[in-house]
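Enquirer: Below is one structure. I have some questions about it.
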Amino acid sequence: MTYPLLRRRLLPALMLVAVLTLSLGGVTPTGSASPPCTLYASLRGSDSNPGTLAAPFRTAQKLVDALSAGKTGCLTGGGTFVGDVRFDVGGTASSPVTLSSDPSSVRATVNGALYDPPTSPYVTIDNLRVDATNADQNVAVQLFADGGRLVNSDISGGGQQRIGVQVGYQKTVTGVEIANNRIHDFGSSGIYEHGIYVDLADGAQVHDNVIYRNLGGYGIQLWTHSLNGHFYRNTFDGNGAGSVIISGQQNANGGPSSNNQFDHNIFSNPVSGHNVVIFWSGVSGGAPTGTGNSVHDNVYWKGDLDPGSAYCSGSCSGVSYSTNKNADPLYLDRVGGDFTLQSASPALGYGAAPGSPGTPGSSAPASTSAPTISGNPVVGQVLTASVGGWAGSAAAYAYNWQRCNSSGGSCALISGATSASYTLDPADAGATVRATVTAISTSGSSVATSAPTAVVIAAVSSIADGSVLSGIVHWTATVPAGTSSVEFWLDSKRLSVLTVAPYSYDLDTTKLAAGGHIVGVAWSDSAGVRHPASPPQTVTVSKRWRILDISG
């Protein structure tokens, strides 16, 4: 079969070197286990069979072609399935198409490339070994559609010149997750054959992977229009050109990489001596740099982490660094590919979760119910996220809050919002927010995401702070759905209590003394919990009589 030819991204010889680190907290997609097998393929089967466990298909492609939304195809009996696989049918967010090894047998191997085209959203690749040696394509796993997930797998390039995993490329994709994998041995030299290559992606989540010995390029490259990504708890070791490059250019598809976070990673032993590199194409000719990228709370070793001008190709703008620690991570057996941390390691809590991600038998916590958010969506109010439900024990939970548009889409991480509670900021007004919870155990980690809140209300009272009032003022209150009562207050005196919308009160200022007064609105939610306006508004009453309609 023929797949799109992927062009190489040429970079100038001078590269910026720096080390990336970002904050723990946000994860967006779920890490739950695959659903039970629907159809099967086995090396002992036949493509003329119905695909049942008793009469399985023979090839991985026939199995994938027979899947539809919500179905899981399992490669059973272990062994190696030779040939590229293309997903021509996708699923939905709640009912993905999944290709996996049969959980009751040993992990299967696909000797070829896996291609998820832009027309097939919500495809999950779970618990496979992908051996791209001698594959027809120059990328082992191509995630070119929304909602693509690569989890719990081993992706190997055999030292040949190709990329491990590519995200985007043909269109901007959202909702992509790469988690709990080993991605290794891509390329033998050069700067183009990366472990992971992210191009045209919004909100990619890349976490708990071991990305190592990719001698043909970087562990991860971010290229044009790589936005709002979160790269955390990954272990990078022995990659050729460097651990990470943050880069991009301005073209018809968008601008350089922006608003990406790297945190709680381990960057170690890059062959080039450069853990993080910055490169903005065309900046010397006036092209823009990326913005808002952050590298913080990481461990780095035997590779520089320096945002200074000596390490930048044209410009150091667009990447900030903070709280990164230079220390030997003390791997258990680096040469043997075991990146488990010794008990005395100064990097405990960083890098991929203990154990070897992507190996058979790992049992990271699995989400059984999504986190929920309590609190009222009003600026100044506190929201609290529950951990949700999980199968398997979790030693710890990590949180991240995201700001989304009014429809609950286009979500981006909120800087510093990494605890179970979050106080709504004025910047949240008119948007929705949601929380992600990461359950962490010694066998791995998984992520679950809450539903978005209702649209955040900027102000409850229609009378703004500092208003000058006169005459009769039509005063209204905008309150969250489910409100049971609303109170209007003036100078510590309650003027009115309403239990039915619309909530309004005609304030006769002709009966008030001229000068300063304090007004405020309080409301009670459906559970009867009272929420005073915060803060009350200070107004001035003028004796020039008129009727004002301040109804918002």
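Enquirer: Kindly provide the set of residues from region 47-79 that are touching a residue at least 40 places away in the same chain (Cβ under 8 Å) and under 14 Å from residue 114 (Cβ atoms), ordered by number.
Expert: Residues satisfying the conditions are 60, 75.
Enquirer: Identify all residues within region 73-125 that are in a strand (DSSP E or B) and of a type in the set (Asp, Glu); write none if there are none.
Expert: Scanning region 73-125 gives a single hit, 116.
Enquirer: For region 472-494, name all the residues that are surrounded by 11 or more Cβ atoms within 10 Å (Cβ to Cβ), out of contact with any Asp or Glu (no Cβ under 8 Å at 6 or more places or on another chain) and more than 30 Å from residue 453 (Cα to Cα).
Expert: Matches in region 472-494: 490, 491.
Enquirer: Can you say whether residue 87 is under 23 Å from residue 217 (Cα atoms) and either aromatic (Phe, Trp, Tyr) or touching a Gly at 6+ places or on another chain (Cβ under 6 Å) (or both), as far as the supplied structure shows?
Expert: Spelling it out, it is not the case that residue 87 is under 23 Å from residue 217 (Cα atoms) and either aromatic (Phe, Trp, Tyr) or touching a Gly at 6+ places or on another chain (Cβ under 6 Å) (or both).
Enquirer: Then there's this: May I ask you to verify whether residue 427 is surrounded by fewer than 23 Cβ atoms within 10 Å (Cβ to Cβ), of a type outside the set (S, T, N, Q) and modelled with pLDDT of 85 or more?
Expert: So residue 427 fits the description; yes.
Enquirer: So which of 483, 476 ends up being among the polar types (S, T, N, Q), part of a loop (DSSP other than H, G, I, E, B) and either over 18 Å from residue 526 (Cβ atoms) or modelled with pLDDT under 85 (or both)?
Expert: 483
Enquirer: With respect to residue 490, is the statement that it is in contact (Cβ under 8 Å) with a residue 24 or more places away in the chain and touching a His at 6+ places or on another chain (Cβ under 7 Å) true?
Expert: Taking the combined requirement at face value, the residue satisfies it.
Enquirer: Another question about this same structure. Is it true that residue 112 is more than 18 Å from residue 57 (Cβ to Cβ) and not charged (D, E, K, R)?
Expert: So residue 112 fails the test.
Enquirer: Among the residues of region 387-432 satisfying the criterion of being in a helix (DSSP H, G or I) and touching a strand residue (DSSP E or B) at 6+ places or on another chain (Cβ under 9 Å), which is nearest to residue 371 (Cα to Cα)?
Expert: Residue satisfying both the conditions and the ranking: 428.
Enquirer: Restricted to region 195-216, and to residues that are of a type in the set (A, V, I, L, M) and part of a loop (DSSP other than H, G, I, E, B), which residue is surrounded by the fewest Cβ atoms within 10 Å (Cβ to Cβ)?
Expert: Only one residue fits best here, namely 215.
Enquirer: Which one of these does residue 128 not meet: (1) closer than 20 Å to residue 219 by Cβ; (2) in contact with a Ser or Thr (Cβ under 8 Å, 6 or more places away or on another chain)?
Expert: It is condition (1) that residue 128 fails.
The values are calculated or read from the model by the stated rules, or taken from the named source; none is laboratory data. Source: prediction; values computed, not measured. Cβ atoms come from the backbone with ideal geometry, glycine included; neighbour counts cover every protein chain shown.
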